[in-house]
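Novice: The structure follows.
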Amino acid sequence: MNNIKTLKHWVGKSDNIVLFTGAGVSAESGIPTYRGKGGYWNKYDPDKYANINYFHQDPSYYWNFFKDVRSPVLKKAKPNTAHRSIVKLENSGRIKSIITQNIDGLHKEAGSKNILELHGNTRMFSCLKCKLEFDFHQINDLLDKHLPPECTECGSLIRPNVILFGEPLDPDILSKADTDSSLADLFITAGSSLVVQPAALLPLTAKKNGAKLVIINLDPTPLDAMADLVININVSEVFLKII
Ligand code: NAD
Ligand code: ZN
C-alpha cells in the first residue's frame with residue numbers, strides 16, 4: 001500500500017509520464033499473457049504461430065490458431081479498469097505517451113490517444129502481394145470460406161499486421177518510442193515481463209536519461225533491481241488507486 005502512495009505522489013509531481021504496457025494489462029479483459037500467471041494456452045506453440053519463418057513455411061498453422069483461439073477471445077475482450085484508468089490519466093495531461101507491446105487494440109478502444117503499438121495490431125491484416133488491407137470483421141468472413149484466407153483482389157496470402165518473432169520493429173515507431181522514453185520524468189511499466197527485446201530496452205533508456213522507473217507486475221522482472229519502485233500488485237488495482 002505504501003508503494004502505491006509513493007507512486008501516487010510521483011504521478012502527482014510528474015508532467016511527462018511514459019507508460020509502457022504489456023500483456024498483463026489485458027489479462028483482466030480475458031486475453032491470456034504469454035508468461036507468468038494466466039499464460040497462453042498450450043494447444044498452440046508460440047514458436048510456430050508467432051514466428052515469421054514458420055508463417056511462410058505453414059501459414060495455415062497461424063490461421064488455425066487465429067480462428068480457433070485468438071479470434072473468439074478478441075471478439076469478447078473489452079477494455080478493463082486498467083485501460084479506462086489510463087485514459088483518465090492521459091486526459092489529465094500527465095501521461096504523454098503509451099508505448100504498448102499489446103496487439104489487441106484495447107488501449108485505443110478504451111479511448112487513449114497517444115499510443116505507440118510496438119508490435120502492431122492483431123485486428124488488422126494485409127495481402128502479402130497487393131497490400132490490400134482487411135479488418136477483423138472481413139477476415140473472419142474470409143476465414144469462413146477458406147483457410148488460410150485469400151485476398152479478395154489478387155487471391156494471395158494474407159498476413160496479420162503484427163510483428164512476428166524474426167521480424168524487425170517499425171523503425172519510425174521504435175524511434176518515436178525511444179525519444180519519448182528519453183524525455184520522460186517518470187517511466188511506468190505495467191503488466192510486462194520485460195524480457196521481449198528490443199522493447200525491454202526502453203525502460204533502460206528512460207532511466208539513463210534521468211526518469212524514475214516504476215515496475216508494476218505480478219511476477220519479478222529482470223529490471224526490478226534497477227527500478228526506483230517495484231509494485232507486485234494487480235495493475236488495475238494500482239491504477240484505480242492512483243487516479
Ligand atoms: P508477458 O506475457 O511476457 O508477461 C506478462 C506479465 O504480466 C507477467 O510477468 C505477469 O506477471 C504479469 N501480469 C499478468 N496479469 C497481471 C495483472 N493483472 N497485473 C499485473 N501484472 C500482471 O507479456 P509481455 O511482456 O507483454 O510480452 C509478451 C509478448 O507477447 C509481447 O510481445 C506482446 O506483443 C505479445 N502478447 C500480447 C498480448 C495482448 O495483446 N494482449 C497477449 C499475449 C502476448
Ligand atoms: Zn492481394
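The values are calculated or read from the model by the stated rules, or taken from the named source; none is laboratory data. If you're wondering where the values come from, they're calculated on a predicted model, not measured in any experiment. Cβ sites come from the backbone with ideal geometry, for glycine too, and all protein chains shown count toward neighbours. To get the accessible areas, we keep the full protein, side chains included, count just its heavy atoms, and leave off ligands, DNA and RNA. Shrake-Rupley method; radii C 1.70, N 1.55, O 1.52, S 1.80 Å.
Novice: In the range 127-160, what count of residues is obtained for those that are over 16 Å from residue 75 (Cβ atoms) and within 16 Å of ligand 1 (Cβ to nearest atom)?
Specialist: Summing the residues that are over 16 Å from residue 75 (Cβ atoms) and within 16 Å of ligand 1 (Cβ to nearest atom) in the range 127-160 gives 1.
Novice: Hey, another quick one. May I ask you to list the residues in the range 41-52 that are part of a helix (DSSP H, G or I) and either in contact with a Ser or Thr (Cβ under 8 Å, 6 or more places away or on another chain) or closer than 15 Å to residue 162 by Cβ (or both)? Even if it seems obvious, please write down each step before you answer.
Specialist: Here is the first cut: in the range 41-52, the ones part of a helix (DSSP H, G or I) are 46-49, 52.
Result: 46, 48, 49, 52.
Novice: Can you tell me which residue within the range 144-160, out of those that are assigned to a loop (DSSP other than H, G, I, E, B) and open to solvent by less than 20 Å² (accessible area, probe 1.4 Å), is nearest to ligand 2 (Cβ to nearest atom)?
Specialist: 151
Novice: Looking at (1) within 17 Å of residue 31 (Cβ to Cβ); (2) in the same structural domain as residue 49 (by TED's automatic domain parsing), can you tell me which one residue 142 breaks?
Specialist: Tallying (1) within 17 Å of residue 31 (Cβ to Cβ); (2) in the same structural domain as residue 49 (by TED's automatic domain parsing), residue 142 fails exactly one: (1).
Novice: Away from ligand 2 (no atom under 16 Å from the Cβ) and open to solvent by 60 Å² or more (accessible area, probe 1.4 Å) - does that describe any residue in the range 98-109?
Specialist: yes
Novice: To continue, here is another question. Please work out if residue 174 is surrounded by fewer than 20 Cβ atoms within 10 Å (Cβ to Cβ) and in contact (Cβ under 8 Å) with a residue 40 or more places away in the chain.
Specialist: Here the answer is yes, as residue 174 does meet what is asked.
Novice: Could I ask something else about it? Looking at this structure, is residue 25 open to solvent by less than 10 Å² (accessible area, probe 1.4 Å) and in the same structural domain as residue 195 (by TED's automatic domain parsing)?
Specialist: Yes.
Novice: Moving on. Can you pull out the residues in the range 116-143 that are closer than 26 Å to residue 176 by Cα, open to solvent by 40 Å² or more (accessible area, probe 1.4 Å) and away from ligand 2 (no atom under 13 Å from the Cβ)?
Specialist: 117, 123, 124, 135
Novice: What number of residues within the range 187-211 are polar (S, T, N, Q) and near ligand 1 (Cβ under 7 Å from one of its atoms)?
Specialist: Result for the range 187-211: 2.
Novice: If you check 201, 186, 223, which single one turns out to be open to solvent by less than 70 Å² (accessible area, probe 1.4 Å), in the same structural domain as residue 99 (by TED's automatic domain parsing) and farther than 16 Å from residue 9 by Cα?
Specialist: Working: 201 fails: open to solvent by less than 70 Å² (accessible area, probe 1.4 Å); 186 fails: farther than 16 Å from residue 9 by Cα.
Of 201, 186, 223, the one residue that is open to solvent by less than 70 Å² (accessible area, probe 1.4 Å), in the same structural domain as residue 99 (by TED's automatic domain parsing) and farther than 16 Å from residue 9 by Cα is 223.
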